[in-house]
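The values are calculated or read from the model by the stated rules, or taken from the named source; none is laboratory data. Not measured: the values here are computed from a predicted model. Note: ideal-geometry Cβ built from the backbone for every residue, glycine included; neighbour counts use all protein chains shown. These accessible areas exclude ligands, DNA and RNA; they are computed on the full protein's heavy atoms, side chains included. Shrake-Rupley method; radii C 1.70, N 1.55, O 1.52, S 1.80 Å.
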Amino acid sequence: CAAFAPAQTGKASTALDLYGMQEPSFNPEFRGDVFDPMGFGKMHEIEGAFPNMFPHTQFLEEAEIKHGRMAMLAWTGVWTTEGLGWHFPGAPEADDWTTGLGVWAREDPGSFGAILAFIAIAEGEGVSHAGDNFRGVSKKIPGDMGFDWMGLSKKLPEERVARYKTVEKKNGRAAMIAMASLFAMKAIPGSVPFMALYGN
C-alpha cells in the first residue's frame, strides 16, 4: 500500500527547496546567502528524529510571510487609531489599543464574530491551498494565495515582481519587530527606550 511506503529521504526536487535548487533570495539582507546560525531551516533533516517532527523550509517561509503581513496590518491599525485618531464611524472605541479587541467583542459581537469567521475561512483556505509544505512537497510558491485580481504578477516584469516580494518580506520583518516592541513597551515599562523619546 502506498500509505505505508517508506518516505523519500532525499531533498525535495522542487524549486521551493531553500537549501536545494532555489537560490535563497528570501534573505536579501545577506545578499541572498542563507542566514540561519541556529539551523532551524535544517531541523527537518535531523537523523533519528520522529518523521515529520520538524517543518521544512517551505513551511517556515510561508509562515514568515503570513506573519509579516499580519504584523504590517496590525502596525497600520495601531498607527491609524492611536496616532491619527481615525476610527470607523459607529465602531466601538477603546482607550488603549491593547484593550481594543476585548471592547469590540463585548460591544459589537456580531461584527466581531463575522470577522473572526472570515479569518478562520481564509486561514483554512490558505493552509489547503499551500499543500503539504510542512514536509516540503508543496508545489506552491510561499506567500502566493492566488489572489491577484489586478493581474500585476503577469503585467509587471519579473524583476519588478521579485523586487516587490523582497520589499514585502523586509517590511514584514520590520513590522514583526515593531509589534513585538509595542507589546514589550506595554508589558514592561521602559523596556523600549526608543519609545521614551515620544513620551510613551
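Worth pointing out:
- The label-point distance for Val167 and Val78, in a model that sets each label 7 Å from Cα toward Cβ, rounds to 2.4 nm.
- Listed residue pairs exceeding 31 Å between alpha carbons, taken from Lys140/Lys186; Lys42/Lys169; Lys42/Lys140; Lys66/Lys154: Lys140/Lys186
- The length gained on full extension between His87 and Ser153, counted as 0.36 nm times the residue separation minus their Cα-Cα distance, comes to 20.5 nm.
- Cleavage-rule hits, chymotrypsin sites (Phe, Trp or Tyr not before Pro), segment 78-180, DSSP coil, Cβ neighbours within 10 Å at most 13: Trp86, Phe147, Trp149
- Share of carbon and sulfur in the accessible heavy-atom surface of segment 61-101 [1.4 Å probe, %]: 65 percent
- Segment 108-188 shape via C-alpha gyration tensor axes, a/c threshold 1.5: oblate
- Nitroxide proxy distance, nm - points 7 Å out along Cα→Cβ at Ile188 and Ile46: 2.6 nm
- Applying 0.36 nm per residue to the separation of Leu101 and Ile177 and subtracting their alpha-carbon distance, the gain on full extension is 25.3 nm.
- Between segment 43-73 and segment 124-148, the alpha-carbon center distance in angstrom: 12 Å
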